[in-house]
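These notes concern the structure reproduced below.
The values are calculated or read from the model by the stated rules, or taken from the named source; none is laboratory data. What you see is a predicted model; the values in this text were computed from it and never measured. Note that we place each Cβ from the backbone using ideal geometry, even for glycine, and neighbour counts take in every protein chain shown. To get the accessible areas, we keep the full protein, side chains included, count just its heavy atoms, and leave off ligands, DNA and RNA. Shrake-Rupley method; radii C 1.70, N 1.55, O 1.52, S 1.80 Å.
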Amino acid sequence: MDSFEYNSGRLCCEGVTLEQVAREVGTPVYVYSEAAIRRQVELFSESFKQVPHLICYAVKANSNLSVVRRLAQWGAGFEIVSGGELFRVLKAGGSSSKVVFDGPGKTVEEIRYALESEILFFNVESAAEAELIATTARAMGKRARVSLRTNPDVDPGTHPYISTGMKEHKFGIALEEAEALYVKLRNTPEIEVVGVTCHIGSQITQLEPYREAVESLRVFVKRLQNQGIPLRYLDFGGGLGIAYDGEEPPSASCYADLVIGATKDLGLTLILEPGRVIVGNAGVLLTRVTFIKDQGSKRFIIVDAGMNDLMRPALYGSHHQVWSVSQKKSTQIADLVGPICESSDFIARNRELPAFEPGELAAVMSAGAYGFSLSSNYNSRPRVPEVLVSGDTYEVIRRRETYDDLIRLEQP
Ligand code: LLP
């Protein structure tokens, strides 16, 4: 995470100290490094540059308009899963011709919005969805470009809640069924079949599941091509993992070599849908210690960020490193917890943590993906601001919510 480094004993994001952000914007606050995001996008594009490809950033990982706007300026396309995400992409100046729409429960309103916006294609997850897209397109006098999201039945070796490409999951269409659906859709006038898709899960740290998935996709594409189904795109989804705590996920270039090697003779444009790997290590959640509480044999470091601000530990038991902003060297075994009335409200449990004292600042690392985007107002807590650092300056790209914001949409 070289965009977050100590400089003279003070943790900095690029050229800005986190102390300064905390002082001026308050805590808790998400802090992102623009350079880190840019580096990751460039690394990804560079790794795939020898073949026709489009990087469709998964908006759900971090949907802030300013982040999306920069990605659009740097040439990215977008993977969306809702009308709301499409709205964000368009507001941020993203090109609808670079948008792919995933998700197993698209509504007719969302389908209409995507058709009006002329997105690149829908990743269709069931025969019923294909039918709804066809009827909607017919009523609008349009033709919908679709790719079928196949389910290759591969175990991605990640947390069960973020595995998506196995038979028991709600996602995608089993290969045998997909083949029949391709044949049917070829004769549906409102549908233009353009590709084959698969996304097997998230935070994948081994190449093997990808190898299995891409091999089975390759065989499948050849079968379709032999039947004369005209395909243009192979969408291999996202899911490449990052290091939260010493994991060694494959590099973007190893991942790219594998995908390119298995697909380059198919004559298709590759679509990639990375989310976490682009923004995950480019952000931290900065929080201040409120109290230290010793309870029985346990020590709790209570901070001002709660599970509503960062859900990942409560939801998946995920590990985020916790760094001291003032580079404290001494440590203590403790739980880092928030102020929420739930025992699942923890950021770190039974960990060797810096020997924080009340008032000190902690940086919860690798929080740029699925951090703010998963946050909520639970316990009527205003959602925290987001800050984007570029070099020696920063911008508040989402202000802190106020108490008035909390009740704005309710009957007074
Ligand atoms: N494409 C599709 C169809 C997806 O469902 C996802 C993520 C992605 C791409 C991007 O995956 P990524 O490259 O970010 O792994 N909240 C969880 C992660 C949920 C992922 C959902 N789908 C977490 O915090 O770990």
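One table, with the values for the structure above:
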item: Subset of Lys60/Lys328; Lys60/Lys142; Lys222/Lys264 violating a 24 Å alpha-carbon distance limit; result: Lys60/Lys328; Lys60/Lys142
item: Loop GluC sites (Glu not before Pro), region 139-209 (other Cβ atoms within 10 Å of the site Cβ: 15 or fewer; DSSP); result: Glu168
item: Linear extension gain, Ser343 paired with Glu5, 0.36 nm per residue minus alpha-carbon span; result: 118.5 nm
item: Among beta bridges that DSSP assigns inside the chain, antiparallel share in %, nearest 5; result: 50
item: Proximal lysines to Lys329, defined as alpha-carbon separation beneath 28 angstrom and excluding residues fewer than eight positions away on the same chain; result: Lys293, Lys298
item: Per-pair calculated FRET efficiency, R0 = 25 Å: Met140 and Asn187 via Cβ, rounded to 0.05; result: 0.80
item: 16 Å Cα-Cα reach of Lys184 towards aspartates and glutamates, excluding residues that sit fewer than 8 places from it in its own chain; result: Glu125, Glu129, Glu131, Glu176, Glu192
item: Kirkwood Rh in Å, taken over the chain so that all alpha-carbon pairs contribute; result: 22.4
item: Protein accessible area in region 237-292, 1.4 Å probe - carbon and sulfur %; result: 50
item: Three-way shape call for region 327-368 based on the alpha-carbon gyration tensor, with the a/c threshold at 1.5; result: prolate
item: FRET efficiency estimate (nearest 0.05) - Cβ-Cβ, Glu116 to Asn377, R0 35 angstrom; result: 0.65
item: Loop trypsin sites (Lys or Arg not before Pro), region 266-371 (other Cβ atoms within 10 Å of the site Cβ: 13 or fewer; DSSP); result: Lys329
item: Most mobile of Phe87, Phe122, Phe78 in a GNM of the chain (Cα contacts under 10 Å); result: Phe87
item: Solvent-accessible heavy-atom area per residue, rounded to whole Å², over the chain at 1.4 Å; result: 42
item: Label-point gap, in nm, between Lys167 and Leu266 - each point 7 angstrom along Cα→Cβ; result: 2.3
item: Loop sites in region 33-124: trypsin sites (Lys or Arg not before Pro), DSSP, at most 11 other Cβ within 10 Å; result: Lys49
